[in-house]
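Trainee: Right, I'll just put the structure down here and ask away after.
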Amino acid sequence: MRRWLMFGGWWLVFSGWWLVFSGEEPEPRRPHFTDIASKSNFAYRTDNNFTGRKYFPQTMCGGVAAFDFDNDGRMDLFFTNGAKLPELEKTDPRFYNCLLRNRGDGTFEDVTARAGLLGKDLGFSFGVAAGDYDNDGFEDLFVCNAGPNVLYHNNGDGTFTDVTARSGITKPKDVLSVAAAWFDYDNDGKLDLIVSNYTVWTPRTDKICAANGVEYYCHPKVYSPVAHRLYHNLGNGRFEDVTEASGFGKELGKGMGIAIADFNGDGYMDVFVANDTMRNFLFINQKNGTFKESAFEWGVAYDESGNAGSSMGADAKDYDNDGWPDLFYNNLKGEIWGLYHNLGGKSMSYVSGISRVSRLSARSSGWSNGFVDYNNDGWKDLYSSNGDIDNMGDISRQRDTMFENVDGKEFRDVSGLLGADFNHAGFQRGSAFVDLNNDGFEDLVVTSLDEKPRILLNSADNGNHWLLVNTIGRRSNRDGVGVALKLTTASGRTLYNHVTTSDGFMSSSDKRVHFGLGPEKAIASLEIRWPSGIVQTLKKLRADQILTVTEPAR
Amino acid sequence: MTIMRHLEGGQSCPQPPFRRLFLALALILPALYAQQPAADPDALLQHAIALHQAGDLDGAIRAYREYLAAQPDSVQARSNLGAALARAGRYEEAIAEYDRALSKSPENPALLLNLGLAYYKTGRPAEAATRFERAASLAPQFKGQVTLLLASCDNSLGKYKQAVALLAPLENEKSADQAFNYIYGTALIGDGQSASGAAVIDRILSAGDSAEALLLRGTLKLRAHDHDGALADLEKAIALNGRLPGAHARLGELLLAMREKDGARTAFGQELALDPDEFVSNLNMGVLAKQDQEYAAARRYFECALKARPNDPGVRYQMAILDLATGNPDQARKALEALIGESPDFAEAHATLATVYYRLDRSADGDRERAIAQKLMDQRDAADTGVRAR
């Protein structure tokens, strides 16, 4: 007994010394994530039809959209899927796309067939973008494919109709489209569409690469780049391909993720496209229907050494709350994940090193990614879904990462603290940020090759406060895509965000704008800048609510 | 990470150890020199030489200095002092003494050869090469020794084609000489002559397993993107000879290609622990430090790399990026403009210069450089079959 007490005494002494000398703050309470997918009965698995022969598109499968298709106030989920190869057809139900209706009790109902979204006639599907292109109050879907892309109109009764043919959305033959984003580039109140394309590909032109008798996925160099395509929304369900007229057609890329933001603060949305093993593009909106590719000017075309990385997913948000959207794209293992700080709307500064992102990310192959304030402390963190391109070694399966933002200056890896379900090792691909249970904490939905998706519910138990803002445009597009929000808390802290559903890779997130407020329960003001130019200010708001804001007449 | 701490604490690259190939020459040349008849039969000088020959280097250095205090113009004594200092590993002092001797006897080929060796041992192959060339031009009997040294300098400087040109005529005569085979094989592989390089490797391996041959074969496999094969060879080479110059550096390059940055850092650190001036490791450690935005450390690594390969365009490019990243775009501009003047096909330099011009509000110049960069990269992409894993 005495010896035990002595030991205890020593422990206390050392513990005290540790506290004195380390000077560290106690660790904050962090939420964790729990996978609730198994509670629901649905058949969807991300199926890239890997049977030994390695076809180029197989590495990219499993797009996700989080959107409220039935306007019941609960976010639903849509997943894209692969196809039989080399047939390039969804010959079997296992390749069908999937729509899951959120029942609101932690379970989801597979309503794909009823909604008409199986996609039986589609090829291999990749990215998906949700947006109300016809301003009828119901979110529509655009799905990217190897084979024709498809625009689904939400009929408002739980069903969708393929309206691609009458929309005028076409693309050159055999172009492989990876991701898409809705945004209103000319502020005419109608959502336009940007599609990132990778190459011209068919199973017949697929290249075989092998060494010592072992086949591997070919390096992207074997495929030629193509133009990304911009479609102008003419109204009445019609679109015009303005790729050439807008300037997009001048640049050929191997498109992956798309990030939409007003990088220079001129009131018009700009477009960043991550290109695989090529320079990235930053299309700055010239406010006259054209764009100028300005990645060189902004310093984001290449990494700091002038090298092109794999550039997978992309997102643009303000991580340091200085009022300017910053840029984050991830890369494959060993490359540098790009975190760029916006220098007052004129250029970007590479900050991967000083923010510690370069070191933290060195061992991960990232796919979808984004800024997300997972712990509601008011600082946007960096999430990435990870997994190797190929299954070639023991560490090909990877865990996702969450780099926690420390006061807008640097990041630390807290992935290991977010629960076993978050740390599932796999070949993760698409991801969406969404508040599935409307508790004000961001949940995650992640696909992984040859597995069911994970639906990761945030435990929301660290006591921090929040605000969700659902914008409804009138003169502006109804979704409010492009709305810029500035929130000032009661203590005077300012937070910034904007409306976009496009982030990461092949994915589309909750359109509601999320603010973590930390310990603060009151909001002094919320300034809302609509794409129409209207500025609206709401004062004295309480925290912890989903606030629906309708654009005023002027 | 010993080397990292050293670089962070100090401002210059430390002295490298002897290289195996030159150990024999370093020992032989001072002895040959000491056997030459002394111009001055002074007893003190004889005593110094005796001490030198007996291996009492400190005693010999003291005696030579004592003699030179009275006879400062004695070329032989100063040359011997340089040789003793070099043998004691005090290369910078040796270089100073050789230079003073050469100021009195500028056409002395033995002095030039020794000075070249001292430069080589301090990791300055460019300076070494000019002395070797001069020595060989003055004394044709040195040509045999000098050719191999010059080729080795060319390899160190990345001038593989020149090294091949020097050694190819000697291939039949020297094919049994393993040192020759190693230097020649390095040059062939560096020059992209993979098949010829492989033949030289086979010649070395026919005499038994050799770390040098495995290093060369690993290099060939790395170039051919056979990462697993390269890893096996390089690990075996290091197991056979952990001090083989360049082996850890090559392993570091391989690990970088395999996207294993931490392992690469360790390998480059091990190379630099053996030879702090080694070019590849300094360059890559600098790049890794730059990626982490540890710019001061990066600059020190690059400066060390430049010491090994003065004016290397890759290193100068990296230093220009440092200038841009640390808020000196005008300095970056000057460096990049100079670099492009010498290497007009350097696509990355054009790309970075475009960004620099845009930062300096010189849009027209930026547009021009951007167009050049794109054209060069497009040409490179068109030539790249890409048939390899990513």
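Trainee: Just to be sure before I move on: is A:Arg29 assigned to a loop (DSSP other than H, G, I, E, B), open to solvent by 60 Å² or more (accessible area, probe 1.4 Å), closer than 26 Å to A:Leu457 by Cα and modelled with pLDDT under 95 in the structure I sent?
Mentor: So A:Arg29 passes the test.
Trainee: Next question. Mind listing whichever residues of segment B:200-254 are modelled with pLDDT of 90 or more, more than 16 Å from B:Phe268 (Cα to Cα), open to solvent by 50 Å² or more (accessible area, probe 1.4 Å) and within 14 Å of chain A (Cβ to nearest Cβ)?
Mentor: B:Ala232, the sole residue that qualifies.
Trainee: Still on this structure, I have one more. Is there a residue being more than 18 Å from B:Glu278 (Cα to Cα) and not in a loop (DSSP other than H, G, I, E, B) anywhere in segment B:242-254?
Mentor: So far as segment B:242-254 goes, no, none of its residues is more than 18 Å from B:Glu278 (Cα to Cα) and not in a loop (DSSP other than H, G, I, E, B).
Trainee: Against the definition (over 28 Å from A:Ala543 (Cβ atoms), among the basic types (Lys, Arg) and surrounded by fewer than 22 Cβ atoms within 10 Å (Cβ to Cβ)), how does A:Arg397 come out, yes or no?
Mentor: For A:Arg397, the condition - over 28 Å from A:Ala543 (Cβ atoms), among the basic types (Lys, Arg) and surrounded by fewer than 22 Cβ atoms within 10 Å (Cβ to Cβ) - is met.
Trainee: Further, regarding this structure: Could you please find all residues in segment B:277-312 being away from chain A (no Cβ under 14 Å) and in a loop (DSSP other than H, G, I, E, B)?
Mentor: Listed by number, the residues that qualify are B:Asp277, B:Glu278, B:Arg309, B:Pro310, B:Asn311, B:Asp312.
Trainee: Further, regarding this structure: Among the strands (runs of 3 or more DSSP E) contained in segment A:488-554, which hold 2 or more residues that are at negative phi, more than 22 Å from the chain's Cα centre (by Cα) and of a type in the set (Val, Ile, Thr)?
Mentor: Qualifying strands (runs of 3 or more DSSP E): A:522-529, A:535-542, A:545-550.
Trainee: Taking helices (runs of 4 or more DSSP H) that do not extend beyond segment B:313-390, which have at least 1 residues that are within 30 Å of A:Lys54 (Cα to Cα) and open to solvent by less than 30 Å² (accessible area, probe 1.4 Å)?
Mentor: It comes to B:363-383.
Trainee: Give the residues of segment A:202-225 that are within 14 Å of another protein chain (Cβ to nearest Cβ) and open to solvent by less than 30 Å² (accessible area, probe 1.4 Å), sorted by residue number.
Mentor: The answer is A:Asp206, A:Cys209, A:Tyr216, A:Tyr217, A:Cys218, A:His219, A:Pro220, A:Val222, A:Tyr223.
Trainee: Could you list, in sequence order, all residues of segment A:278-300 that are under 19 Å from A:Phe183 (Cα atoms) and away from chain B (no Cβ under 11 Å)?
Mentor: Those that are under 19 Å from A:Phe183 (Cα atoms) and away from chain B (no Cβ under 11 Å): A:Phe281, A:Leu282, A:Phe283, A:Ile284, A:Asn285, A:Gln286, A:Lys287, A:Asn288, A:Gly289, A:Thr290, A:Phe291.
Trainee: Having 3 or more residues that are of a type in the set (D, E, K, R) is the bar; report the helices (runs of 4 or more DSSP H) wholly within segment B:173-230 that clear it.
Mentor: In segment B:173-230, B:211-223 are the helices (runs of 4 or more DSSP H) which contain 3 or more residues that are of a type in the set (D, E, K, R).
Trainee: Would you confirm whether or not segment B:299-311 contains a residue that is more than 19 Å from the chain's Cα centre (by Cα) and farther than 21 Å from B:Asn155 by Cα?
Mentor: No.
Trainee: Please note which strands (runs of 3 or more DSSP E) are completely contained in segment A:280-371 and include at least 3 residues that are at pLDDT 95 or above.
Mentor: Because the criterion is at least 3 residues that are at pLDDT 95 or above, the strands (runs of 3 or more DSSP E) in segment A:280-371 that meet it are A:281-285, A:291-293, A:314-317, A:326-329, A:338-342.
Trainee: Which members of segment B:65-80 meet the condition of being without any contact (Cβ under 8 Å) to a residue 24 or more places away in the chain and surrounded by 14 or more Cβ atoms within 10 Å (Cβ to Cβ)?
Mentor: Passing the criteria: B:Arg65, B:Glu66, B:Leu68.
Trainee: Return the residue satisfying two criteria in turn: it lies in segment B:255-276 and is free of Cβ contacts under 8 Å to residues at least 60 places away in the same chain and small (Gly, Ala, Ser), and of such residues it is farthest from the other protein chains (Cβ to nearest Cβ).
Mentor: So, considering only residues that are free of Cβ contacts under 8 Å to residues at least 60 places away in the same chain and small (Gly, Ala, Ser), the one farthest from the other protein chains (Cβ to nearest Cβ) is B:Ala267.
Trainee: Further question: Of the residues that sit in segment A:262-277 and are at pLDDT 95 or above and at positive phi, which one is nearest to the other protein chains (Cβ to nearest Cβ)?
Mentor: A:Gly265
Trainee: From (1) crowded, with 19+ Cβ neighbours inside 10 Å; (2) assigned to a helix (DSSP H, G or I); (3) of a type outside the set (D, E, K, R), pick out the condition that doesn't hold for B:Ser137.
Mentor: Among (1) crowded, with 19+ Cβ neighbours inside 10 Å; (2) assigned to a helix (DSSP H, G or I); (3) of a type outside the set (D, E, K, R), B:Ser137 violates only (1).
Trainee: Being out of contact with any Leu (no Cβ under 8 Å at 6 or more places or on another chain), at pLDDT below 95 and of a type in the set (S, T, N, Q), is that true of even one residue in segment A:398-409?
Mentor: No, the conditions are met nowhere in segment A:398-409.
Trainee: What residue, among those in segment A:327-377 that are among the hydrophobic types (A, V, I, L, M, F, W, C) and facing chain B (nearest Cβ under 8 Å), is farthest from the chain's Cα centre (by Cα)?
Mentor: In this case the residue turns out to be A:Ile354.
Conditions (1) part of a helix (DSSP H, G or I); (2) of a type in the set (S, T, N, Q); (3) modelled with pLDDT of 90 or more, marked per residue:
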| position | (1), (2), (3) |
| --- | --- |
| B:Ala48 | yes, no, yes |
| B:Tyr64 | yes, no, yes |
| B:Asp73 | no, no, yes |
| B:Arg78 | yes, no, yes |
| B:Gly89 | no, no, no |
| B:Gly123 | no, no, no |
| B:Ala129 | yes, no, yes |
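Trainee: Let me spell it out: the conditions are (1) free of Cβ contacts under 8 Å to residues at least 40 places away in the same chain; (2) open to solvent by less than 10 Å² (accessible area, probe 1.4 Å), and A:Ala165 meets all of them except one. Which number is the exception?
Mentor: Status for A:Ala165: all satisfied but (2).
Trainee: Could I ask something else about it? Got a sec? Which of A:Gly265, A:Gly249, A:Gly253 is of a type in the set (Gly, Ala, Ser) and open to solvent by 30 Å² or more (accessible area, probe 1.4 Å)?
Mentor: The conditions single out A:Gly265.
The values are calculated or read from the model by the stated rules, or taken from the named source; none is laboratory data. Only a predicted model underlies this, so the values are computations on that prediction, with no experimental measurement involved. All Cβ positions, even for glycine, are placed from backbone atoms using ideal geometry, and neighbour counts span all protein chains on display. With ligands, DNA and RNA removed, areas are computed over all heavy atoms of the protein, side chains included. Shrake-Rupley method; radii C 1.70, N 1.55, O 1.52, S 1.80 Å.
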